[in-house]
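This report concerns only the one structure given below.
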Amino acid sequence: MPLTERQRQTALWTVVAALLAWALVVLGPILTPFAAAAILAYILAPPVRWLQAHRIPRLAAALLVILLALLALLAILLILVPITQQEIALIRRQFPALAASISERLLPWLNQTFGLTLKLDIASLREWLAGQLAGSGEDWLATLLGYAKSGWGAALQVIGTVFLVPVVLFYLLTDWPELVARSRTLIPPRWVAPIDEVLDETDALLGQYLRGQLLVMLSLAAWFSIALLVAGFELWLPIGVLSGLLIFIPYLGFATGFAFALVAGMLQLGPLAGLAWVSAIYGIAQAVESTWLTPRLVGERIGLHPVAVIFALLAFGSLFGFVGVLLALPLAAITAVGLRRLLAAWQASEFYGRG
């Protein structure tokens, strides 16, 4: 029985869609900077549009927004690098006293409180740490060259991501309205209305997420900074600001800020006092953030199950690297919108309702 024209068209476009999906999988590493630039262009398009509405040419507006974003990234790096260098110097200088204090005070307390039998081999730990910190900060060029020699593909991918993303982002921001209009022409007319509904819902969801998440980050940065200052931390401002900014990365951000503060606290205040202060400060922050700040400022609509968040971190991190980890939660929110629509269509279908 010969195929009808509709069946032939369906088969043709199914094959085309399968080939496109295969190409995306094969070209995944190459497409990573382009995908990252497209996501960043979507995030930065509203401020460019706002500047253009205030009579600033779109070319200049795009350049200004990218420059401000790069300056913000540079500011974060300028906060992170000095903290790392200072903590490495403190560890080198105070590690013997810290290890002895942990062995003599913290471990006996833990063993007595929880009935454990923990022991610390100070000599082996000192030898391992000395090897890890030997020459750190001075041999970065040799490490970079060795990394490049061992894997030019990975090195080129990193270089491409660093230098290609801003270039692609500039062109995307400059031509964003035209790209959106051209993309709409690819949608079959009968699908325009439902797809517009999905895109409008997704856009509102992401807008609510980004505004609320920014307020959460600023609130926690203020809390961490003030609390660490009261506790007597020398690096209270950089650690507090960094901990607040890293909240943008679910779970990993909080863990990183906690680790920085714990190392600084144990080195400066002693193991017991440092552990107590950091646990109290970050425990209160985590409780308030999860029970009040995020539900109130970000909204329940964004809420995802913790298992879904962990899966999103792993999945998008595997697809897009570190950029995917940064954008895992908004990408998961977009995916959730699509899955909700798909579930509603499935439950409304004749196949689902057939007895």
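Observations on the structure shown:
- Taken one residue at a time, the phi angles of the range 166-182 give Karplus couplings (6.51, -1.76, 1.60, θ = phi - 60°) of x, 5, 5, 4, 4, 5, 5, 5, 5, 9, 4, x, 5, 5, 5, 5, 5 Hz. Gly and Pro are set to x.
- For the pair residue 52 and residue 19, label points projected 7 Å from Cα toward Cβ lie 3.4 nm apart.
- You can think of it this way: the chain between residue 167 and residue 180 has 2.8 nm of extra reach, that is 0.36 nm per residue less the Cα-Cα gap.
- Förster radius 51 Å - calculated FRET efficiency between residue 350 and residue 284, Cβ distance, rounded to 0.05: 0.45
- Length gained on full extension, residue 307 to residue 234: 22.6 nm, using 0.36 nm per residue less the C-alpha separation.
- Computed extension length for residue 74-residue 296: 76.9 nm, one decimal, from 0.36 nm per residue of separation with the Cα-Cα distance subtracted.
Coordinate-derived values only; no laboratory data. This structure is a prediction, so every number in the text was calculated from the model and none was measured. Counting neighbours? That spans all protein chains shown, and the Cβs are built from the backbone with ideal geometry, glycine included.
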